[in-house]
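The values are calculated or read from the model by the stated rules, or taken from the named source; none is laboratory data. Everything quoted here is computed from the prediction, not taken from an experiment. Every residue, glycine as well, gets a Cβ built from its backbone with ideal geometry; the counts of neighbours run over all protein chains shown. All accessible areas refer to the heavy atoms of the entire protein, side chains included, with ligands and DNA or RNA removed. Shrake-Rupley method; radii C 1.70, N 1.55, O 1.52, S 1.80 Å.
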Amino acid sequence: MSAAPARPRPLIDALLPLAALVIALMLFSLFVALEGQAPLEVLETIFAGAFGDAFGWQNTLLRAAPLILTGLAVALPARAGLVIIGGEGALAFGALGAAAVAVPLAGSPNLLLWLAMALAGMIAGGVLIGFAGALRQWRGVNETISSLLLSYIAVALMNHFVEGPLRDPASLNKPSTYPLAPEAMLGALPGLDVHVGLAVGVVCALLAWVFLRFTVWGFAVRVVGGNPRAAAMAGLAVTPWVIGLCTAGGAMAGLAGMIEVAAVHGACNASVLVGYGHAGILIAFIARQNPLAVVPAAVLIGGIGAAGSLLQRRLDMPDATVLVLQGILFVVLIAIETLRGHAWRLPQLATPRHSPTPALAAKTDVSV
């Protein structure tokens, strides 16, 4: 009986995102060269804008704070085998829920206010993405499509309430909900000019990793994500795990919306929608759905986004140029994953038909 080919998962998981980044930088250099710019100068400017000094690090970490949570919004459902891309809508719903709760609780102790806003944001985002998981399990609706469509609905509802029932009459040119009092805003981390949302994101990523890596429930999640049919045959309740992980992912994006309201904007308005939910998809792909790896991936993407303004000032390039780099990186990652999958399938075709055990072991991937 022949054995299935060994998969050096840890080494490959570490090297593939690095290889994708190198290839993406090469293709991006070709792009900027065709635009008449010096590639090395552009790359140096991006690095300087992201990590070159304290101001660059501050902007990078400010962006990384919500990106960690929106990355988890994609990574957690992915552990159950689902591709969720509705993080932007969950963030919008979370921001709206947090702002709505803050109005009747104005004047309450800050800790009570923050906890209520966080709970409301997480419930709003969790219900939205959890509904996409429920549609998948109970009605067979593709979760990628449903989460995307639900995201559009959530953004439309946010705009409706911000411009209608929850609008602050004083917000004339820019519709917003009633603002938080200055003393009710989330503060900065000690020694850093970055709000506490960064620490919240890191703690959430760490807790998610510990849950998946070291608990019995995390093992069950990995079995469900590796092979749902085998998990069901083993007696695991697949549907509750799928819906639960979708709900948890949506809650992370909703918490990101709450932090944007309570730490950055002070109210819910169109400014909270700057693409953090969409960038979370790329971050989850870079991290290969590992919650702990989401943190450095979010710092990387946050740094690339923070460098856009310096590109515009120093080289007179559009600040959206960094989005081209992010797009190229995303395409390269998908291409590498596709090639990797085909490369692993070829040896498995030679597995004898009378030996189902290696095939089942290859399909049931329970590593983190």
Treating only Lys and Arg (+1) and Asp and Glu (-1) as charged, each at its beta carbon, one finds that segment 90-235 has a dipole about its Cα centre, in Debye to the nearest 20, of 600
From highest to lowest solvent-accessible area (probe 1.4 Å; ligands, DNA and RNA excluded), THR239, THR60 read THR239, THR60
Yeah, segment 1-132 with a ≥ b ≥ c from its alpha-carbon gyration tensor (a/c under 1.5 is rounded, else prolate when a/b outruns b/c, oblate otherwise) is oblate
Quick calc, the chain, dipole around Cα centre from Cβ unit charges on Lys, Arg (+) and Asp, Glu (-), nearest 20 debye, gives 1460
Once the dipole of the chain is set up from charges on Cβ (+1 Lys and Arg, -1 Asp and Glu), the residue from the list LEU135, ALA287, ILE85 lying farthest towards its positive end is LEU135
Length gained if ALA170 through ALA106 is fully extended, taking 0.36 nm per residue and subtracting the Cα-Cα distance, is 21.4 nm
Taking a crude spin-label model, label points 7 Å out from Cα along the C-beta direction, the ALA33 to ALA230 distance in nm is 4.6
Of the candidate values (1) 129; (2) 260; (3) 157, the one computed for volume of the Cα convex hull per residue in Å³ from this structure is (3)
Quick calc, LEU206 & LEU40: beta-carbon distance into FRET formula, R0 51 Å, rounding 0.05, result 0.85
Here the residues of segment 38-76 lying in the modelled label zone of VAL274, meaning backbone nitrogen under 11 Å from a point 7 Å along Cα-to-Cβ, are 59-67
Site PHE219, offset 7 angstrom along Cα→Cβ, radius 20 Å on amide nitrogen, limited to segment 81-112, gives 81
With the label point 7 Å along the Cα-to-beta-carbon line of LEU18 and a cut-off under 16 Å to each amide N, the hits in segment 42-74 are none
Pseudo-spin-label distance ARG340 to GLU183, built 7 Å along Cα→Cβ, given in nm, is 5.2
With the charge dipole of the chain built from beta-carbon charges (+1 for Lys and Arg, -1 for Asp and Glu) about the Cα centre, the Cα from LEU115, LEU76, ALA65 projecting farthest to the positive end belongs to LEU76
A student applying the Cα gyration tensor rule (rounded when a/c is under 1.5; otherwise prolate if a/b is larger than b/c, oblate if not) would label segment 206-315 prolate
